[in-house]
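Visitor: I have a structure here, written as structure tokens, and I will follow up with some questions on it.
Laboratory data are not the source of any read-out in this text; all were calculated from the coordinates shown. Remember, predicted model here, so these are calculated numbers, not experimental data. We place every Cβ from the backbone using ideal geometry, glycine too, and count neighbours over all the protein chains shown.
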Amino acid sequence: MEELPVRRILPACPFPNLAWYKVALSEGEVVLDTHENYVKQTDRNRIFIADAHGAQFITLPVHRRNADSRSMKDIVFTEEMIPKIIMRHITTAYSSAPFFEHFEHELMAFFEEFGAPGKSLLEFNLASLKWVEQMTELKRGVGWVEQSQYTESTEMSAGDFRKKGALSNKVWSYKRYAQIFEDRNGFIEGRSVLDAMFHEPNEVKNWCLETYLRTLKN
């Protein structure tokens, strides 16, 4: 199992997986890049869940506020971003999870506040991190730097976890925990932190700390 680089750069993702939190909570310099350009088909606008059919993800529909800019700060939700529909997908997947009802109303309120059409994806993602902090012990004691002077992408081995696939199951291994559909699907790694919270919120930090790098190959 490989060690984390001393300096790490993370993308701002909505309700990211436990690998993201393993990087964020580790000692050393952690930069949360709020100035990067938006990258399509990545964790920036996806929430990874597991339902009766296996591994799934919810895509948050977005477009550019300014056609000349690809900056994350200029990416906003389209009219297809409907909080009740997003919550319906999550409810379908997790209504039987032991702690789903404990978070259900607060999560719906979050989506209604930050997930309306025209709202900023970046603000939604940053707010989701703060929401998780409020609900769990997944909080970095010294905080992180919400900016980046690292405009050019570097190798994962240099600590750049903005790269496509840097937070995927090919790179990370996870401690198994009980999931409601495990009897038919087996344990599905790399789901959103919400998956862990709905199953046992008091263990999320321990599961996060027992998440390990398989490899830093790009």
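Visitor: 222 nm [θ] for the chain, helices only, -39500 (n - 2.57) per DSSP H run of 4+, per residue, to 500? Please report the intermediate quantities before stating the final value.
Guide: Values: 7 runs with 67 residues, N = 218.
Mean residue ellipticity at 222 nm (helix-derived): -9000 deg cm²/dmol.
Visitor: Taking Cα pairs under 8 Å and at least six residues apart, what relative contact order does region 7-213 come out at, in percent? The partial results should precede the final answer.
Guide: Working: 348 pairs, mean separation 67.5, N = 207.
Contact order relative to length: 33 percent.
Visitor: For region 17-67, what is the per residue volume of the convex hull drawn over the alpha-carbon atoms, in cubic angstrom?
Guide: Value for region 17-67: 95 Å³ per residue.
Visitor: If you don't mind, another one. Cα gyration tensor of region 34-119, axes a ≥ b ≥ c as square roots of the eigenvalues: rounded (a/c below 1.5), prolate (a/b > b/c) or oblate?
Guide: Working: a/c = 2.56, a/b = 1.82, b/c = 1.41.
Since a/c reaches 1.5 and a/b is larger than b/c, the shape of region 34-119 is classed as prolate.
Visitor: Follow-up. In the chain, what is the count of Lys pairs whose alpha carbons are under 13 Å apart, counting only pairs at least 8 residues apart or on separate chains?
Guide: 12
Visitor: What is the fewest-to-most order of 36, 200 by other Cβ atoms lying within 10 Å of their Cβ? Walk me through the numbers on the way to the answer.
Guide: Numbers: 36 20, 200 15.
Going from least to most buried by this count: 200, 36.
Visitor: Note the per residue figure in Å³ for the convex hull of the C-alpha positions in the chain. Walk me through the numbers before you get to the answer.
Guide: On the way: hull volume 24.7 nm³, N = 218.
Considering the Cα atoms of the chain, their hull volume per residue is 113 Å³.
Visitor: Search the structure for amide H atoms under 5 Å from the amide H of residue 75, placed 1.01 Å from N in the peptide plane, and list their residues when 5 or more places away or on another chain.
Guide: For residue 75, whose amide H was placed from the backbone, the distant partners under 5 Å are 65, 121, 122.
Visitor: Quick check on the exposure proxy: order 48, 198, 100 from fewest to most C-beta atoms within 10 angstrom.
Guide: The fewest-first ordering by Cβ neighbours comes to 100, 48, 198.
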